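Colleague: Once you've had a glance at the structure underneath, I'll fire off some questions.
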Amino acid sequence: MSKRLFDTLFAILCIFILSPLFVLIALLVKIGSPAGPVLYRSPRIGQWGNPFWVLKFRTMVINADRMGGPSTADDDPRITPIGHFLRKYKLDELPQLFNVLRGEMSFVGPRPEVPEYVALLSERERAILSVPPGITDWATLWNPDEGTVLAGCADPERAYLEIIRPRKIALQLEYVKRHSFRIDLVILFRTVTVIAFRPAYRVMMALVRKVPAIGNELE
């Protein structure tokens, strides 16, 4: 089965099964912050450098992008009360199933970045743009809680660029180099496991992050 065919069929299935959850989250977002929209569109750079709008359930106050940068710590005052819950369990990412359905994203691939971060990529690093961006990848599994890492930082943007981004790019390049349908299924399975067992996984990842490489799991 081709990657695109799998993405299309699986996205349709997920949207159908999760449609009641979509409605519930939309109501919670609207009740928690009635003045703003339910969905948030953010500019991202996709495959071959093509721009698109990534979809998320809104987790921040209105005009949050004018109050700070794209890197968001868990203690960011721009996040709404319901937004904290949605971010914790990655529920804010569910609308990206429609990005997958439209062919702008895949289930598995390097997470799409904002234009200003893509502009920082070196010529070698721009290989990341040769594959479709995804909802999850090795970097997501390595660090599923960017907000936790950035919490308490005086400058979240600088902390992201210096602490998270280098390792994130390295893992994304590794995915581009060795990706396959089998590896995509492994990443999807591990992502579901991470979300389902998130509390225990946080403890485990605190230990795993001390290891400089992900070892043979990419074999």
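The values are calculated or read from the model by the stated rules, or taken from the named source; none is laboratory data. Note that this is a predicted model, so its numbers are computed, not measured. Don't worry about glycine lacking a Cβ; one is built from the backbone with ideal geometry, like all the others, and counts go over all protein chains shown. Note: areas computed on protein heavy atoms with side chains; ligands, DNA, RNA excluded. Shrake-Rupley method; radii C 1.70, N 1.55, O 1.52, S 1.80 Å.
Colleague: Quick one: what pairs do we get from segment 1-28, first residue farther than 20 Å from T136 by Cα, second open to solvent by 90 Å² or more (accessible area, probe 1.4 Å) and part of a helix (DSSP H, G or I), C-beta under 7 Å, 6+ apart or different chains?
Modeller: Close Cβ pairs (under 7 Å, with a partner that is open to solvent by 90 Å² or more (accessible area, probe 1.4 Å) and part of a helix (DSSP H, G or I)) do not exist here.
Colleague: Hey, another quick one. So if I check each of V194, V211, which one is modelled with pLDDT under 95, of a type in the set (V, I, T) and assigned to a helix (DSSP H, G or I)?
Modeller: Of the residues listed, the single one that is modelled with pLDDT under 95, of a type in the set (V, I, T) and assigned to a helix (DSSP H, G or I) is V194.
Colleague: Is it the case, given these coordinates, that N99 is within 15 Å of V54 (Cα to Cα) and of a type outside the set (D, E)?
Modeller: yes
Colleague: Kindly provide the set of residues from segment 41-50 that are in a helix (DSSP H, G or I) and either farther than 17 Å from V131 by Cα or small (G, A, S) (or both), ordered by number.
Modeller: Listed by number, the list holds a single entry, G49.
Colleague: Can you pull out the residues in segment 100-130 that are open to solvent by 60 Å² or more (accessible area, probe 1.4 Å) and within 17 Å of V176 (Cα to Cα)?
Modeller: Correct list: E123, R124, R126.
Colleague: When only residues in segment 136-156 that are buried (at least 17 other Cβ atoms within 10 Å of the Cβ) and acidic (D, E) count, which is farthest from E113 (Cα to Cα)?
Modeller: D145
Colleague: Anything in segment 52-92 that is of a type in the set (A, V, I, L, M), farther than 17 Å from I135 by Cα and within 15 Å of the chain's Cα centre (by Cα)? List them, or say none.
Modeller: The answer is A73, and nothing else.
Colleague: Among the residues of segment 162-193 satisfying the criterion of being of a type in the set (A, V, I, L, M) and open to solvent by 40 Å² or more (accessible area, probe 1.4 Å), which is farthest from R4 (Cα to Cα)?
Modeller: Looking at the filtered set, the residue picked out is I163.
Colleague: Something else about it: Name the residue that is nearest to the chain's Cα centre (by Cα), counting only residues in segment 30-40 that are closer than 16 Å to F98 by Cβ and outside any loop (DSSP other than H, G, I, E, B).
Modeller: Here the residue is Y40.
Let's see how each residue does on (1) open to solvent by 60 Å² or more (accessible area, probe 1.4 Å); (2) part of a strand (DSSP E or B); (3) within 30 Å of E123 (Cβ to Cβ); (4) among the acidic types (D, E):
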| position | (1), (2), (3), (4) |
| --- | --- |
| F6 | no, no, no, no |
| I17 | yes, no, no, no |
| P20 | yes, no, no, no |
| F52 | no, yes, yes, no |
| K56 | no, yes, no, no |
| P77 | yes, no, no, no |
| I82 | no, no, no, no |
| F85 | yes, no, no, no |
| F98 | yes, no, no, no |
